[in-house]
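A.B. asks: Pasting a structure below so you can have a look.
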Amino acid sequence: MAPLRIDVHAHLWSAGYPDRLEHLGKTDTATQRGIGADATEADPEHRFALMDRADIDLQVLCVAPQSPHLAGEPDAVALAGAANESYARLAARFPERFRAFAALPLPHADAALQELTRAFDGLGAVGVGVTTTVLGRPLADPLFHPVYGELDRRGAVLYIHPAGEDAASALPSTT
């Protein structure tokens, strides 16, 4: 059997997802508009043609860098849940071509643990996608340790997408 070629840097947003984020105060959605990541009816066939040209067998979809990392917990929970359900429907419709990294409603750790459980146990997520910071908090913040503990317990992937903020780290920057 030939090795599977997997694209783990695959953006796709459901209709209106960037608009909802922007309405809730996210200010960087313009950077991801018009890049061919809008989930339209025509998108799967177009995407599969591009994947085939590049010899990609499978894409793992992820909302990052437009993650539902929002200050308001109900908004973050609703948006993470909607994104994860959207990806689950696509993966069920095209199981040979799509998987998904779950979106989490961070920085709300308890809600994130609940969504993580729902995404893995009920929606088929294969990992979690986050950005390099969450509302200015570095990923090393102890607030997130319970989430990492659960991912570790499951042997799951934590996919970290750059967000252009030097990861809020004390490490030297290359810029």
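The values are calculated or read from the model by the stated rules, or taken from the named source; none is laboratory data. All values reported here derive from a predicted model rather than from experimental measurement. FYI the Cβ positions are ideal-geometry reconstructions off the backbone, even for glycines, and counts take in every protein chain you see. The area values use the complete protein model at the heavy-atom level, side chains included, leaving out ligands, DNA and RNA. Shrake-Rupley method; radii C 1.70, N 1.55, O 1.52, S 1.80 Å.
A.B. asks: By per-residue mean of other Cβ atoms within 10 Å, what is the highest-first order of 64-72, 93-101?
C.D. replies: 64-72, 93-101
A.B. asks: Let me check something: with ligands and nucleic acids excluded, how do Thr117, Thr131, Thr27 order by accessible area (1.4 Å probe), largest to smallest?
C.D. replies: Thr27, Thr117, Thr131
A.B. asks: For the stretch 1-151, with only Lys/Arg (+1) and Asp/Glu (-1) charged at the beta-carbon, what is the dipole magnitude about the Cα centre, in debye rounded to 20?
C.D. replies: My answer is approximately 140 debye.
A.B. asks: Let me ask another. Let me cross-check Asp55: its accessible surface, 1.4 Å probe, with only protein heavy atoms counted, in Å² to the nearest 10?
C.D. replies: Looks like 90 Å² after rounding.
A.B. asks: Could I ask something else about it? Ranked by accessible surface with a 1.4 Å probe, highest first, in what order do Tyr159, Tyr148, Tyr87 come?
C.D. replies: Numbers: Tyr159 35, Tyr148 60, Tyr87 10 Å².
Result of the area sort, largest leading: Tyr148, Tyr159, Tyr87.
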